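For reference, the structure is listed below as structure tokens.
Values quoted throughout were computed directly from the atomic coordinates according to the rules given, and no laboratory measurement underlies them. Because the structure is predicted, anything quoted here is derived from the model rather than measured. A quick note on method: Cβ atoms are made from the backbone with ideal geometry, for glycine too, and the neighbour counts reach across all protein chains shown.
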Amino acid sequence: MLLAIIIIFINYFPNSLSAVELHIHKSVTEIRENYKGHGNIYNHLFSNSEYENIIDGSISWNGTSFIKQELYNTDDTLKDAFVIVKQLSACDCKIIQAKIIDPQTMLLENLETGTYFYADKHSIEYKYKRPSKSGVTLAFHFHDTKTDYNGTLAYLIKGITWLPNYDLSITNFDTCSLRGYAVIRNNQQQEYEVNNTYLYSGDIQLVKNPSLTIYPRYNSSSDSIEFNNEEKGFYSYSFKVPYTLRSLSSVRLPFINITPQCQFHYKAITSIHTGQYKGVFQRYYDLISNQFLPAGILTIRDNQVLIGQSNLPDLPENYTHTITLGQDSDIRYSIKSNLISSNEVQTTDKSRPYSLDITISNFKNKEITGQLDFHGTSHISLSESTCMSGKIDGNAYILLLKLQQGEIYRCQFNVILK
């Protein structure tokens, strides 16, 4: 009997001691562990906190054929175990011979009196069975005791996530560098020794039927950080960097090399209506990447000055993405707009002609470029203009700017809104 008990506990070992592969999607992670051994049973112990995060029906074994797979609470193995309970009192120390009835609540039966009582687990001595770590045991039963088993245990789990973040450094208007990192966060109590990590930009759909199992696609490992491939909108990345993912921790790792193109300009947007109104220009950064960028957090520094952060969406290769980060009070505009009398210009009944006087001021000690957008109705037409670089674009009038240091630019234009 003692020999059988020893064999059972040899098969149990902490999960943190075995190296795993992590396949991390946005909302779920697949953990894969390779095991081999000899015997008719392979036992794997999940901690209670880890098992609570496992997706129903996702546990699979890819390897030696088994005849049965079962899950049970480890505490249940103590049912009917014989124990000794020491009860301390003011007068003496009484020893009770008992049997465990319910391992969950530690309901015991007094073998001498036949009565039942509850005991604190720390006051119990076990006579024949050794108590194991609390948790859930996954057991694979093979054909006989002579089986040499070998396989990969895989399961989907919540609580391990990843998010890209990027550092954009700008040295002048058109020169920049972009570095990408993968932040892997472990919100579980479980620790993992990681051999290979696979990151996916897309997300997978999880079924609600617990009888179904999801088998994500396998990818080959790599010796260095690299982009794997794209498959129907799923971009995958892999790297082979052993590390420890501690419980309730995060790891930040570089994962792609990016060659970006950047352009900075000022922009302001206003509408066409009567009256006098003014405003300041916003900072705009145009970013183009030479490869697909998964959505993440972008931190921008301009000439080593922190400008701010932005949420970056999934960006296709060679796509221009514009980022707005606050306003610059040194670049200002003021507008005086009047509705032109119908006697001064020929219009239809539903047309509204406007005359706008524009003043744009650059209070900086350097040259700036930018644009001022005037939005109208569904249709806008230009009748007169003294502005050198204005154009109609859809339902807007766009005024392109290039101002020298300290320059104040003035112009006037007339438009008809329909």
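Exposure proxy for E21, E317: other Cβ atoms within 10 Å of each Cβ, ordered fewest to most, give E317, E21.
What length, rounded to one decimal in nm, is gained on full extension from D120 through to I67, with 0.36 nm per residue of separation minus their alpha-carbon distance?
15.3 nm
The H on the amide N of G296, modeled in the peptide plane, is under 5 Å from the matching H of L312, each at least 5 residues off or on a different chain.
Label sites at T244 and S49, each approximated as a point 7 angstrom past Cα along Cα to Cβ, lie 1.6 nm apart. Among the chymotrypsin sites (Phe, Trp or Tyr not before Pro) in the range 262-355, those located in a DSSP loop and surrounded by at most 15 other Cβ atoms within 10 Å of their own Cβ are Y319.
Pairs exceeding a 31 Å alpha-carbon distance, out of K127/K158; K26/K267; K278/K391; K121/K146: K127/K158; K26/K267; K121/K146. With the simple model of a label 7 Å out from the Cα in the direction of the Cβ, T113 to R179 spans 7.1 nm.
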